Amino acid sequence: DEFNNYLTGRGWTILGGQCYSHTIENPFAPWITVLGSFFGLAATDTIEDRSQKVLQVVKLSSPGQIELAPLLNTLLTLSLPINEVVSSTDDQILREQFFSLVTELFRSRSQRNPLMVLIEDVHWIDNSSNILMKHLMTNLSGCRFLLCLTRRPQPEIKIDLPPTSSSFITLNELSKPQAIGLILTVLGLSELPDHVATVIL
């Protein structure tokens, strides 16, 4: 939150997504929220409203990608007409087209003002999202684009990002006094009985 506030105060656009344990098998799960925010979609929008909003943003941001917009139909619940460009039955081709669309949209937005995509709890990231993250970081090099990820230290989860453009910050566990200080702050108290603090810790 502090980092978000820091960037927002300096003119950055922040798009956030969240991974969950129950979405680990759902392709591009955190990107539904990220792209929904990017296009300004609301939960109360009709499918027609959502489709028009996406179409308008793509036309303004990356008109050369307009034929690829129907690739967002399933992910964002849209009803854009399928055209010959996106009618391939080859999943690999469709995925590459989708990656190209998202990359160019982010590139265009970052030219107007810096853009950060924040994805939390990537220890539950699905494989497709993981691949998309690497694609973006490889192809948006030199752009005003930042991908910020949070995760638990689980070594079996491999986040494959370009090492030359990646930084890792490890946060250590709080000490007992620090943890108690956090509890007191959250509860708005100046002190806490030892047995209560032990239970909470």
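The values are calculated or read from the model by the stated rules, or taken from the named source; none is laboratory data. For clarity, every value in this text was computed on a predicted model and none was experimentally measured. With ideal geometry, Cβ positions are generated from the backbone for all residues, glycine too; neighbour counts draw on all protein chains shown. These accessible areas exclude ligands, DNA and RNA; they are computed on the full protein's heavy atoms, side chains included. Shrake-Rupley method; radii C 1.70, N 1.55, O 1.52, S 1.80 Å.
Selection within the stretch 162-201: residues that are open to solvent by 100 Å² or more (accessible area, probe 1.4 Å) and either in contact with a Pro (Cβ under 6 Å, 6 or more places away or on another chain) or of a type in the set (V, I, T) (or both). The member of this set that is farthest from R109 (Cα to Cα) is V199.
If the requirement is being open to solvent by 70 Å² or more (accessible area, probe 1.4 Å), in contact with a helix residue (DSSP H, G or I) (Cβ under 6 Å, 6 or more places away or on another chain) and more than 28 Å from N5 (Cα to Cα), which of these qualifies: I93, I82, I66?
So the residue among I93, I82, I66 that is open to solvent by 70 Å² or more (accessible area, probe 1.4 Å), in contact with a helix residue (DSSP H, G or I) (Cβ under 6 Å, 6 or more places away or on another chain) and more than 28 Å from N5 (Cα to Cα) is I82.
The set of residues from the stretch 104-116 being among the charged types (D, E, K, R) and open to solvent by 40 Å² or more (accessible area, probe 1.4 Å) comprises E104, R107, R112.
Screening L75 against (1) touching a Pro at 6+ places or on another chain (Cβ under 7 Å); (2) open to solvent by less than 40 Å² (accessible area, probe 1.4 Å) leaves a single unmet condition, (1). Looking across the stretch 96-116, the residues that are in a helix (DSSP H, G or I) and among the polar types (S, T, N, Q) come down to Q97, S100, T103, S108, S110, Q111. Among the criteria (1) under 15 Å from the mean Cα position of the chain (by Cα); (2) more than 26 Å from P30 (Cα to Cα), the one C148 does not fulfil is (2). So is E48 in contact with a helix residue (DSSP H, G or I) (Cβ under 9 Å, 6 or more places away or on another chain), of a type in the set (D, E) and open to solvent by 40 Å² or more (accessible area, probe 1.4 Å) or not? No, not satisfied. For I119, the criteria (1) β-branched (V, I, T); (2) open to solvent by less than 30 Å² (accessible area, probe 1.4 Å); (3) over 15 Å from S165 (Cβ atoms); (4) in a helix (DSSP H, G or I) hold in every case but one, which is (4). The sole residue among G9, G40 that is exposed (fewer than 10 other Cβ atoms within 10 Å of the Cβ), over 17 Å from L132 (Cα atoms), modelled with pLDDT of 95 or more and among the small types (G, A, S) is G9.
Checking I131, I159 one by one, the residue that is open to solvent by 40 Å² or more (accessible area, probe 1.4 Å) and either hydrophobic (A, V, I, L, M, F, W, C) or closer than 23 Å to H22 by Cα (or both) is I131 and no other.
On inspection, L101 does not qualify as at pLDDT 95 or above, under 23 Å from N4 (Cβ atoms) and open to solvent by less than 40 Å² (accessible area, probe 1.4 Å). Within the stretch 49-65, the set of residues being at pLDDT 95 or above and either touching a Leu at 6+ places or on another chain (Cβ under 9 Å) or among the aromatic types (F, W, Y) (or both) comprises D49, R50, S51, K53, V54, L55, V57, V58. Taking the criterion of being under 30 Å from R10 (Cα atoms) and either assigned to a helix (DSSP H, G or I) or modelled with pLDDT under 95 (or both), would at least one residue in the stretch 187-195 satisfy it? No; the residues of the stretch 187-195 include none that is under 30 Å from R10 (Cα atoms) and either assigned to a helix (DSSP H, G or I) or modelled with pLDDT under 95 (or both).
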